[in-house]
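Enquirer: What follows is a structure written as structure tokens; I'll ask about it next.
Please treat every number below as a calculation from the coordinates, not as lab data. Just so you know, these numbers come straight off a predicted model, no measurement behind them. Using ideal geometry, Cβ is built from the backbone for each residue, glycine included, and neighbour counts are taken over all protein chains shown.
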Amino acid sequence: MPIIRVGSAVTQINVFTVEAGRQRPLIDYLARAAQVASEVPGWMSASLHRSLDGTRVVNYAQSEDLDAAQRVIQLLKSQGMLEGNKAFGQANPGLYEVSYTLDRNDR
């Protein structure tokens with residue numbers, strides 16, 4: 001389950017731009033990649049989001065720390081899964097840490 005709290009994890013956020021009709025195939029592909037990544041020690045979660053206009057998919061994946069995130073990336077790279085993303089659309093990945101959160105229970 002995703003944990004979105006300051007200091008809770010390292011998050012890889014990857015925004016894909018896709019052509020019409022390519023969201024579902026990309027989501028299916030990324031779900032398989034998440035299954036592979038889940039075997040890496042320190043991997044925590046993956047969440048896939050699709051835009052309502054059909055042009056984007058966001059992969060929100062969490063690892064316990066930077067080392068674990070890099071192990072996940074290396075495994076996926078070695079399996080050809082990162083290169084395989086290109087068949088579905090343009091990827092814009094990055095590693096992030098949570099800097100601030102607010103929810104309705106905090107007001």
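Enquirer: Sort 17, 11 so that the residue with the fewest other Cβ atoms within 10 Å of its own Cβ comes first and the one with the most comes last.
Expert: 17, 11
Enquirer: If you don't mind, there's one more thing I want to ask. Ranked by Cβ crowding within 10 angstrom, fewest neighbours first, how are 32, 5, 104, 56 ordered?
Expert: 104, 5, 32, 56
Enquirer: Would you kindly calculate the translational diffusion coefficient of the range 10-100, applying Stokes-Einstein with the Kirkwood radius from alpha carbon pairs, for 4 °C and a viscosity of 1.567 mPa s, and quote it in µm² s⁻¹ without decimals?
Expert: 98 µm²/s
Enquirer: Test of understanding: ordering 44, 1 by Cβ neighbours within 10 Å, fewest first, what list do you get?
Expert: So the ranking, lowest neighbour count to highest, is 1, 44.
Enquirer: Another question, if that's okay. Charges only on Cβ, +1 for Lys and Arg, -1 for Asp and Glu: so what's the dipole of the range 10-100 about the Cα centre, in debye to the nearest 20?
Expert: With only Lys, Arg, Asp and Glu charged at Cβ, the dipole is about 340 debye.
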